[in-house]
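Scroll down for the structure; my scribbles are underneath it.
All of the numbers you see were taken from the coordinates with simple rules; none came from a lab. Here the structure is a predicted model, which is why all the values come from computation and not from measurement. Here the Cβ is made from the backbone with ideal geometry for all residues, glycine too, and neighbour counts use every protein chain on show.
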Amino acid sequence: MAEAVPTAMPAAVPHTEPHASVTDWIAVAAGALGALMATLDISITNSALPQIQGAVGATGTEGTWISTGYLMSEIVMIPLAAWLTRVFGLRNFLVVNAGLFTAFSILCGLSGNLAMLVLARIGQGFTGGALIPTAQTIIRTRLPRHQLPVGMTLFGLIVLLGPLLGPVLGGWLTENASWHWCFFINVPVCAALLALLLLGLPAERAHLKSFVEADWLGIVGLAVGLSTLTVVLEEGQRERWFESSMIVTLSLVSLLGMGLIALSQRWAPKPILRLSLLRNASYVSVIFIVFVVGAGIYGVSYILPQFLALIAGYNAQQSGAVMLYVGLPSFAMMPILPRLIARVDFRLMVMAGLACFAGSCALDIGLTAQSVGHDFIVSQLLRGAGQMLCMMPLNQASMAAVSREESGDAAGIYNMARNLGGSVGLALIGTFIDRRDTLHVDRLGEALNANSPLVQSRVAASAASHLAQGGDAALAQLQALKELVLQIHQQASVMTYSETFYALGFVLLLTMPLALMLKTPQPGQAPAMNDAH
């Protein structure tokens, strides 16, 4: 298979290509709404987990499967979506998935035990995963070149805001209605989605022969390899990684799945996962950058609420309010981003976005135990601007690097890379936080010697205060020592969170040179076309 050689096809696209029709925009709206619903449901249960766990009788560890099950099946479906679209036709495929997503959402809301809920969430993730890459495909295939920036900006905004708004909406619904509405809310949204799909997409014939002749070796490898890898990444830290026989077994199964994918690349006439696209240097740079940015987005979405809850003492609603600041630049930049994408070199935009994202992490390095929500406003606003400047051109660069016929496969790999980056990032961040926190607790404990006059003075003052309130000298001494231990752990956590932001910013800066490999279509030129088949 020859390496793709991009060739520009000069044409006065802005002047000769007609504008998208109303039907085209209805199709784009349908894709956008489906992607929003699917990305929102990734995290909508996060704020409601305590109530859900209590209702279904799940422990804290068991309750994590409510989120893991969704993410696991979604990652498997995303790269399969392009093939299934070709088999069943885009409208048939999306209508069936939207209907099944609604049914699984209702089952989630009606679940009375953990097993039923996790199975329903797996089904919900599998059907929802189809709605994300197909949205990007609809935009790429239904909009003319000169209107692609608007469509890609819309898609990028949804992908960024979906996981962010999920916990906020979930927490609000749980507080003002019940946790069941975290799932029932999908029913009216899906009804609107089905109407838009039927109006905006033309009917297509299914090609069932392609289903029988599919790359089943690659499909099995993809399903087994990605699902087990996701579980390993999600559960590894809790299970102490390779100290757990379960993690070792799942890792071996994941390697087996990856091996099947590699074999399918050689033997299958049309591999389910077109890794040949990674021969394109411009496209592979997009994939690597979006992998790292995905890790950063999901990582910050994990770190910041943890800090606000454990250090600042914020509840879910208060934390959600702070998290929402990152979305403000997204809405503010929406009117100008399509014009920027059309006129500014993608490389400059992505490098500026990575610099802003890394800079926002640098602002959060100097955290203290007294840091509260308003201390994160500037960094959150800068982070939001950075994410938009990164993701918007990356969305379009991923499509511009491939031909229109390859756009479905390219969108699948792109979205899989972003979500997989999030899983890998969360796994690494969890391990980093656990180990650095233990190290800082040990070092602070060693530094605060019991014979130190300063420590003795602090404990004595605290004990005297408790004695004045309670009147029991022994209990007052214990309470004073407990306060000291809690302060040690608090300071250790603050140091760990600061180091985590430092590490994230450093990794983001390391990816900046890759942005130089991106290609921006010149004004008046059609997208680069690749002849790799």
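Some points to look at:
- Each residue of the range 139-153 was assigned a 3J(HN,Hα) from its phi angle through the Karplus curve 6.51 cos²θ - 1.76 cosθ + 1.60 (θ = phi - 60°); the sequence is 4, 5, 9, 9, 9, x, 3, 6, 10, 4, x, 5, x, 5, 5 Hz, with glycine and proline shown as x.
- Computed [θ] at 222 nm, helices only, for the chain once each DSSP H run of length n ≥ 4 contributes -39500 (n - 2.57): -25000 deg cm²/dmol
- Pairwise centroid distance, computed over Cα atoms, of the range 176-196 with the range 498-518, Å: 38 Å
- Which labelled figure in (1) 65, 62, 47; (2) 85, 49, 45; (3) 70, 55, 43 is Cα extents along the principal axes in Å, once derived from the coordinates: (2)
- Length gained on full extension, Val187 to Gln491, computed as 0.36 nm times the residue gap minus the Cα-Cα distance: 104.9 nm.
- Qualifying trypsin sites (Lys or Arg not before Pro) in the range 196-305, where qualification requires a DSSP coil assignment and no more than 11 other C-beta atoms within 10 Å, comprise Arg205, Arg240.
- Within-11-Å neighbourhood charge of Gly89 [Cβ basis; K, R +1; D, E -1]: +2
- Alpha-carbon centroids, the range 261-279 and the range 325-355: separation in whole Å: 34 Å
- Residue order, fewest to most surrounding Cβ atoms within 10 angstrom, among Ser360, Ser210, Ser423, Ser21: Ser21, Ser210, Ser423, Ser360
- Across the options Phe211, Phe288, Leu510, the greatest Cα extent toward the positive end of the charge dipole of the chain (unit charges at beta carbon of Lys, Arg, Asp, Glu) belongs to Phe211.
- Residues Val286, Val189, sorted so that the one with the fewest Cβ neighbours within 10 Å comes first: Val189, Val286
- Working note: Karplus 6.51/-1.76/1.60 with θ = phi - 60° gives the range 380-392 the couplings 5, 5, 5, 5, x, 5, x, 5, 5, 5, 7, 6, 4 Hz, where Gly and Pro are set to x.
- Near Met388: Cβ cut-off under 15 Å, other residues only, Lys/Arg at +1 and Asp/Glu at -1. The net charge is +3.
- Sequence-separation-based contact order of the chain, relative, with Cα cut under 8 Å and 6+ spacing, percent: 23 percent
- Mean sequence separation of contacting Cα pairs (under 8 Å, at least six apart), scaled by the length of the range 296-411, corresponds to a relative contact order of 33 percent.
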